[in-house]
Amino acid sequence: MKTSIQIGKIMDIPIKLHITFLLILPVFAWMFANTAGIFGFNDVKPDTLRYILSTSAAILLFACVLFHELGHSYVAKKHGTNIQSITLFLFGGVSAMEEIPRNPRIEFRMALAGPGVSLLIGLTLLIIWWFFKADESPYLHLVWLVGYINLVLFVFNLLPAFPMDGGRVLRAWLAGQMSYIKATRAAAGIGKMFAILMGVFGLIGLSPWFILIAFFIYIGASEEEKSTEVSLILEGVKIKDIMSKEVKSVNSGISIEELVDIMFKFKHMGYPVVDEGSLKGIVTFTDVQKVPKEERKNVKVSNVMTKELVTLKEEDDASIALKHMTMKNIGRIIVRDDNKMTGIVSRTDLLRAVELLE
Ligand code: ZN
């Protein structure tokens with residue numbers, strides 16, 4: 001299922017909206033419209049103006065999250081890291097990067113760039129508000145609110161815990177004094193402690209938001225630790241050493257029904273499609289599922305296979321395979337030399353290698 005849509009490109013980076021984002025946007029607008037006092041527009045009359053201001057606040061809030069992410073991306077690009085996309089989620093934005101630099105100096109700058117943008121926008125808006133505050137116009141209230149939210153974004157993102165930017169800043173700082181993996185473990189440990197404290201605080205104060213955020217931080221810290229460990233283990237391991245060489249491939253002309261038989265027989269979930277020695281695509285169980293049972297006799301593999309392939313070379317690093325699999329959510333990658341397939345590497349191959357090397 002497609003869970004996000006692309007709305008455009010900025011600095012050559014595709015900007016995407018996740019489905020959770022489209023759901024939360026009206027909720028935010030509703031909250032702003034029905035909150036009285038300084039954090040909403042409930043006191044504004046007439047209602048049309050109240051709704052326009054509330055909707056604008058919700059949209060601007062997410063635009064500011066996008067600017068925050070662009071701050072990270074700008075610095076990353078300057079240091080040669082390719083940004084695949086920026087996706088806006090329920091809780092903010094995520095930049096998908098090809099290669100997160102393992103250089104503490106660059107990581108430090110990159111992590112600070114996002115909060116830096118938030119701080120800059122926040123201060124600018126609050127200064128504008130301060131100059132005109134005698135007006136007491138509802139539009140000026142919007143300026144104040146968006147400025148304030150940016151300062152909250154700045155502070156929240158600098159909490160010293162993964163997956164927040166502050167966690168990365170902390171790791172980069174620690175990595176200047178110890179090995180990268182030790183720094184990751186230490187930063188993750190601090191993040192978890194922070195999450196537990198926050199959780200306890202949330203339980204005492206019966207604040208579901210605190211508990212939710214604590215949970216989110218705890219998981220983020222554990223995941224960062226695990227994924228750094230795995231990618232460090234895989235570094236220096238070549239694809240050719242872990243790939244499967246004897247690969248069952250299928251012809252693009254066979255029917256889906258025949259493919260299902262092959263799947264049963266060979267018990268793999270995905271197969272490269274090869275015609276006369278040249279690689280045409282890949283077909284997986286997910287593609288089969290899209291074809292209703294009664295039509296499987298008439299539909300050919302060439303109609304459902306994925307033609308735009310992510311492929312690797314034998315000499316590539318195994319950690320790159322892991323990055324591609326995680327980022328694109330795919331289970332296997334074909335290894336090729338020009339147009340000839342030489343093997344396939346799957347998640348299972350990677351896990352096996354990690355277990356053996358650990
Ligand atoms: Zn950030």
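Here Lys328 is the anchor, and the aspartates and glutamates within straight C-alpha reach of less than 15 Å, apart from those fewer than 8 places off in the same chain, are Glu98, Glu99, Glu308.
Quick one: among Ala214, Ala134, Ala63, which has the greatest mean-square fluctuation in a GNM of the chain with alpha-carbon springs under 10 angstrom? Highest fluctuation of the listed residues: Ala134. Straight-line cross-link partners of Lys133 among the lysines, defined as a Cα under 21 Å from its Cα and at least 8 positions apart when in the same chain: Lys45. Of the solvent-accessible surface of the chain, computed with a 1.4 Å probe and all protein chains present, 63% belongs to carbon and sulfur. Kirkwood analysis of the range 300-358, using all unique Cα-Cα pairs, places the hydrodynamic radius at 12.5 Å. Rounded to the nearest 0.05, what FRET efficiency do Val155 and Ser302 have when you use their Cβ-Cβ distance and R0 = 56 Å? With a Förster radius of 56 Å, E is 0.55. Take the range 28-76, drop everything but the C-alpha atoms, weight them equally and run the Debye formula without solvent; then report log10 I(q)/I(0) at 0.16, 0.27 Å⁻¹ to two decimals. Debye output, listed in q order: -0.49, -0.88. Based on protein heavy atoms only, the range 239-357 ends up with 59 Å² per residue of surface accessible to a 1.4 Å probe. Loop sites here are trypsin sites (Lys or Arg not before Pro) outside DSSP states H, G, I, E and B with no more than 16 other Cβ atoms within 10 Å. The longest part of the chain free of them is 103-244. According to the Cα-based calculation, Rg over Rh for the range 239-357 is 0.98, with Rh computed by the Kirkwood formula. In the range 194-280, the C-alpha radius of gyration followed by the widest Cα-Cα span (Dmax) gives 23.7, 68 angstrom. Using a cutoff of 8 angstrom between alpha carbon atoms and counting only pairs six or more residues apart, the relative contact order for the chain works out to 10 percent. Taking amide H as placed 1.01 Å from N in the peptide plane, Asp275 has its amide H under 5 Å from the amide H of Lys280, each at least 5 places away in sequence or on another chain. Over the chain, what is the percentage of antiparallel beta bridges among all DSSP beta bridges, to the nearest 5? Of all bridge pairs located within the chain, approximately 80 percent are antiparallel. Membrane-span-like helices in the chain, defined purely by DSSP H runs whose alpha carbon atoms cover 27 Å or more axially and whose average Kyte-Doolittle hydropathy reaches -0.5, are 47-78, 104-132, 138-157, 180-204, 208-234. Each principal axis of the Cα cloud of the range 4-234 was taken in turn, and the coordinate range along them, longest first, works out to 62, 46, 35 Å. Given the pairs Lys77/Lys192; Lys182/Lys226; Lys245/Lys267; Lys238/Lys267, which span a C-alpha to C-alpha distance of over 20 angstrom in this model? Correct reply: Lys77/Lys192; Lys238/Lys267. Average accessible surface for the range 74-218: 55 Å² per residue, computed with a 1.4 Å probe over protein heavy atoms with every protein chain in place.
Label point of Phe39 set 7 angstrom out along Cα-Cβ; within the range 193-218, amide nitrogens under 14 Å from it belong to 207-210.
The values are calculated or read from the model by the stated rules, or taken from the named source; none is laboratory data. All values reported here derive from a predicted model rather than from experimental measurement. FYI the Cβ positions are ideal-geometry reconstructions off the backbone, even for glycines, and counts take in every protein chain you see. Protein only, heavy atoms only, side chains kept; ligands, DNA and RNA dropped before computing areas. Shrake-Rupley method; radii C 1.70, N 1.55, O 1.52, S 1.80 Å.
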